[in-house]
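Since the structure comes first, as structure tokens, the remarks are kept for the end.
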Amino acid sequence: MGPQDELPHTLATGRIGAAAVTFFALAATAPIAVLTSVVPAAFARGGGPLVPLSFAGITILLLVFASAYSAMVHRAPYAGAMYAYVSRGLGRPAGLASAWLALASYLAIQLGLYGVAGVAAAPLLHSWFDVEAPWWLVAAICWSLVALLSNIRIEVASGLLALLVLAELAVVAGFATANVLKPATGHLDADAILPSGAVDRPALGLLLAVGVLAFVGFETAGTYAEETMRPRREAGYAAYASIGVVGLLFAVGSWSVSVGAGVRDVGPLAGARGSELVFDLAAARLAPWAVTAGRIVLVAALVAAALALHNAMSRYLYAMGRERAMPAFLARTAHRTAAPRNASLVASALSLGALLAAYLAGVRTPSVLAHRLTAIGGLGILVVLLATALAALLHFNRVPNGEGTWGRFLAPILSTVALGTLGYLAFRNIPELLAVPPESALVWSVPLGLAAVGGIGLLHGAALRGRRPVDYAGLGQGGKPVVVTPPAKPQTKISRVPRQREPGAHRPERVDR
């Protein structure tokens, strides 16, 4: 046995609890980034009071999905998360397709976050050092931090992200409170909560599509199940908690922006100021140091989100390597930290290669590209969430294990219908989501690209089934050994009765000597 065989192949168990996993999931959603970029864009499109209402409605729908999600975590508490869930409900090829989609989507979102960080850091660098740093330099620094922090002990990383997320929540709460205490009209208007006229149904459909993409990141809670103290419970609790906290922040934060800018003026102001609207409202009500602190926290939150998504990617790669769907070296973990070191290095190499490609392509203003990348990644994760809901419905009814009517049937089918509807709205509004004209090639190439990534996963599964059936049988099983019994050989039909021995011939005393 060589030194390579002695390397550990398991993650650290029992090191974190539900609170730590919740902070990982909250970091992946980056609430302050959503409030500074997505919410003003929604108001600029004429969302008005429908913006906070759409966030509240999506929160309820995703809490229903969390019931099915947490039940699947209880059945399969593995680092592969939705890869394992879909494998159990829709089959192993579909599970590999979901894994490929999740990896590609998280990579796209991570690249978008690096680009946004480059733009968000520009005002700070200009005011502090009077320099204009190119976006790719800031992105490279953020990438270096993520690559370094991704290999530390999981409990240390959770503590660091907890501090950043708490700072993020404090800034969002402070900005929202300032807007509510000093509304633009001098008093709180009822029109900021409920629409005064008829509801614009196409606008509502677009807002629901934008809103569900803003929640992407909560589903990463399942990737830490193996490292929790109670693997079958705490990741599911974290999914519930992260959805509730994010939904509350989005609904209250967007409502406070409407109150601070004025119900009638928030649309034009958002269209004119864009992502600076939230900071403009804060500057009119708070001390300059508070606005600067908000900008610093925004950059830190983007790095934290990139780190959380990087951890999710590395655990998907680790799970696939452990089950021999990917090269086995991806399953090797570090001796001291038990972090998925090799998988993390591969994820870092992938993101670095994509950043280099963007630099060599001559991208000068990454804000538009970053917006499109995050939207495309969100669409891919939405497809995986839909597959997970459908897999839960099929798996629980095919292999029941004590779940009641709600957990076995109602929650999975409601979440499947809800996510299917949201997916339809999202793909129908691709031109608006990507900010491109309807005749743009991106309108058809994005769904085609996502389908191609999923198709690669299906072909991957078919190839494994034909070439390595034992490894194929272990997909989605968390690396547990699987015994494949070969089929019994058919017995040949006896055409005649064999001639019987002479009675008593076997007795020695009757044998002639």
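The values are calculated or read from the model by the stated rules, or taken from the named source; none is laboratory data. Everything numeric in this text was worked out from a predicted model, so none of it was measured. Note that each Cβ is placed from the backbone with ideal geometry, even for glycine, and that neighbours are counted across all protein chains shown. Only protein heavy atoms, including side chains, enter the accessible area calculation; ligands, DNA and RNA are left aside. Shrake-Rupley method; radii C 1.70, N 1.55, O 1.52, S 1.80 Å.
Descriptive notes on the structure:
- Reported count of residues in the range 371-426, each being closer than 30 Å to Ser351 by Cβ and either open to solvent by less than 20 Å² (accessible area, probe 1.4 Å) or basic (Lys, Arg) (or both), is 17.
- Restricting the range 364-389 to residues that are aliphatic (A, V, I, L, M) and touching a Gly at 6+ places or on another chain (Cβ under 7 Å), the residue that is farthest from Tyr83 (Cα to Cα) is Leu369.
- Here Phe329 fulfils each of the conditions (1) part of a helix (DSSP H, G or I); (2) open to solvent by 60 Å² or more (accessible area, probe 1.4 Å); (3) within 25 Å of Val116 (Cα to Cα) apart from (3).
- Comparison of Ala104, Ala121 shows that the only residue that is part of a helix (DSSP H, G or I), of a type outside the set (Asp, Glu) and modelled with pLDDT of 95 or more is Ala104.
- Those residues of the range 465-479 which are surrounded by 12 or more Cβ atoms within 10 Å (Cβ to Cβ) and of a type in the set (D, E, K, R), in sequence order: Arg465, Arg468, Asp471
- For the range 224-239, a residue qualifies if it is open to solvent by 50 Å² or more (accessible area, probe 1.4 Å) and of a type in the set (Phe, Trp, Tyr), and exactly one does: Tyr237.
For every residue, the table says whether it meets (1) buried (at least 24 other Cβ atoms within 10 Å of the Cβ); (2) touching a residue at least 12 places away in the same chain (Cβ under 8 Å); (3) not in a loop (DSSP other than H, G, I, E, B).
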| position | (1), (2), (3) |
| --- | --- |
| Gly14 | no, yes, no |
| Phe23 | yes, yes, yes |
| Val39 | yes, yes, yes |
| Ala42 | yes, yes, yes |
| Gly46 | no, yes, no |
| Pro52 | yes, yes, yes |
| Ala56 | no, yes, yes |
| Leu63 | no, yes, yes |
| Ala71 | no, yes, yes |
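- Considering the range 8-27, the residues that are among the hydrophobic types (A, V, I, L, M, F, W, C) and within 18 Å of Phe215 (Cα to Cα) include one that is nearest to the chain's Cα centre (by Cα), namely Ala25.
- Applying a threshold of 7 Å to beta carbon distances and a minimum spacing of six or more residues, or different chains, the list of pairs starting in the range 262-283 at a residue that is in contact (Cβ under 8 Å) with a residue 12 or more places away in the chain and ending at one that is open to solvent by 40 Å² or more (accessible area, probe 1.4 Å) and not in a helix (DSSP H, G or I) reads Gly262/Ala184; Gly262/Thr185; Val263/Asp189; Asp265/Ala184; Gly267/Gly46.
- Residue count for the range 305-326, restricted to those that are more than 19 Å from Arg15 (Cβ to Cβ) and crowded, with 24+ Cβ neighbours inside 10 Å: 9
- Which listed residue, of Arg336, Arg295, Arg324, is touching a helix residue (DSSP H, G or I) at 6+ places or on another chain (Cβ under 6 Å), of a type in the set (Lys, Arg) and not in a helix (DSSP H, G or I): Arg324
- Only a single item in (1) within 24 Å of Ala104 (Cβ to Cβ); (2) at pLDDT below 90; (3) in contact with a helix residue (DSSP H, G or I) (Cβ under 9 Å, 6 or more places away or on another chain) is not met by Gly362, and it is number (3).
Residues are listed down the side, and each one gets a yes or a no for (1) aromatic (Phe, Trp, Tyr); (2) open to solvent by 20 Å² or more (accessible area, probe 1.4 Å); (3) farther than 19 Å from Phe43 by Cα:
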position: His187; (1), (2), (3): no, yes, yes
position: Gly222; (1), (2), (3): no, no, yes
position: Ala241; (1), (2), (3): no, yes, yes
position: Leu248; (1), (2), (3): no, yes, no
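- Pro8 being modelled with pLDDT under 95, open to solvent by 10 Å² or more (accessible area, probe 1.4 Å) and closer than 22 Å to Leu204 by Cβ: no
- Residues of the range 427-464 satisfying the condition of being without any contact (Cβ under 8 Å) to a residue 12 or more places away in the chain and buried (at least 18 other Cβ atoms within 10 Å of the Cβ): none
- The range 144-173 residues that are of a type in the set (Asp, Glu), paired with ones that are open to solvent by 50 Å² or more (accessible area, probe 1.4 Å) (beta carbon under 9 Å, 6 or more apart): Glu155/Arg15
- Restricting Val138, Val210, Val119, Val131 to those that are in contact with a Ser or Thr (Cβ under 6 Å, 6 or more places away or on another chain) and either without any contact (Cβ under 8 Å) to a residue 12 or more places away in the chain or hydrophobic (A, V, I, L, M, F, W, C) (or both) reduces the list to Val119.
Rundown of residues vs (1) in contact with a His (Cβ under 7 Å, 6 or more places away or on another chain); (2) part of a helix (DSSP H, G or I); (3) over 20 Å from Gly91 (Cα atoms), yes/no style:
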| site | (1), (2), (3) |
| --- | --- |
| Leu390 | no, yes, no |
| Asn397 | no, yes, no |
| Pro400 | no, no, no |
| Trp406 | no, yes, yes |
| Leu414 | no, yes, yes |
| Glu432 | no, yes, yes |
| Val436 | no, no, yes |
